[in-house]
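For reference, the structure is listed below as structure tokens.
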Amino acid sequence: MALKQITRVNIAEKVFEQLRDQILQGTWKEGEKLPSEQELTETLGVSRSSVRQAIRTLADYGMVETRNGTGTYVKRQISGNYMLNIVPIGDLQFEDIVEVLDFLCLIEDSVAAMAVQRCTQEELAELQAIHKRLIAAKDQNDLEALTNVDVEFHSKIAMITQNSLVVQTYALLLEFLQPVMHRTYVTLGAEEGIPYHERLIQAFCAHDAVSAKNVMGAHAQNRRDKFLALQERIEP
């Protein structure tokens, strides 16, 4: 059996996921102050730098705001119950996944166009860096890392829009789609999806919102079509 390179666990990402889930579930409500960095460090058993990075990510997602001298507070969120009704947690059925993919087909192209119009040079550099890591994971045939970076790529595009509704919706939908994306890579190979990302990067570099919209629309439709094709293989 061939040995596979071990994927390093990103502690800050795990901290972010726990904090995000607490906010979405209503444990910490709008306007409520999060526990201090020291409290989170002790409770979670992680370094303070990991906690700080997780909080920065929450802020990027528009979920919290840090006020100088007072701490970090929860911002207005999409209703947790509302979102859970859109995407059932814990037991996604075939029909649920198709609905999510259909929804992304409706919005992803417009999200990409908005992101191109609002993208700064710094954000473009960050998006390009994520794409380079995507290529590296593909070259190593590390499908787990490839899936994670793929999700990060689309999440970054959502964050570039500076629209908290878009960011929070993507955060939830992409989490549920991650297993589907991984299965697609396992079945169809590491090259799947890469050409679309490369064309998206080109559109961002050219500040071409129309091209970005067309490429992302084709990408979303291709993702849906490939999922249906894979399902037919499993259940002929």
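Values quoted throughout were computed directly from the atomic coordinates according to the rules given, and no laboratory measurement underlies them. On a predicted model such as this, the values are computed, not experimentally measured, just so you know. No Cβ is skipped: glycine too gets one built from the backbone with ideal geometry, and neighbour counts run over all protein chains shown.
Assorted remarks:
- Applying both filters, DSSP loop and at most 13 other Cβ atoms within 10 Å, to the GluC sites (Glu not before Pro) of region 162-236 gives E191.
- Highest mean first, the peptides 108-115, 144-151, 65-72 sorted by other C-beta atoms within 10 Å per residue fall in the order 108-115, 144-151, 65-72.
- Contact order relative to length of region 11-74, as percent, for alpha carbon pairs under 8 angstrom and 6 or more apart: 43 percent
- Here is the list for region 12-60: GluC sites (Glu not before Pro) lying in DSSP coil, each with at most 16 other C-beta atoms within 10 angstrom of its C-beta, are E30, E32.
- Relative contact order for region 91-234, counting Cα pairs under 8 Å that sit 6 or more residues apart, in percent: 38 percent
- The C-alpha atoms of the chain define a longest principal axis, and helix 143-160 lies at about 70 degrees to it.
- Sum of side-chain charges, T41 neighbourhood, beta-carbon under 14 Å (Lys, Arg +1; Asp, Glu -1): 0
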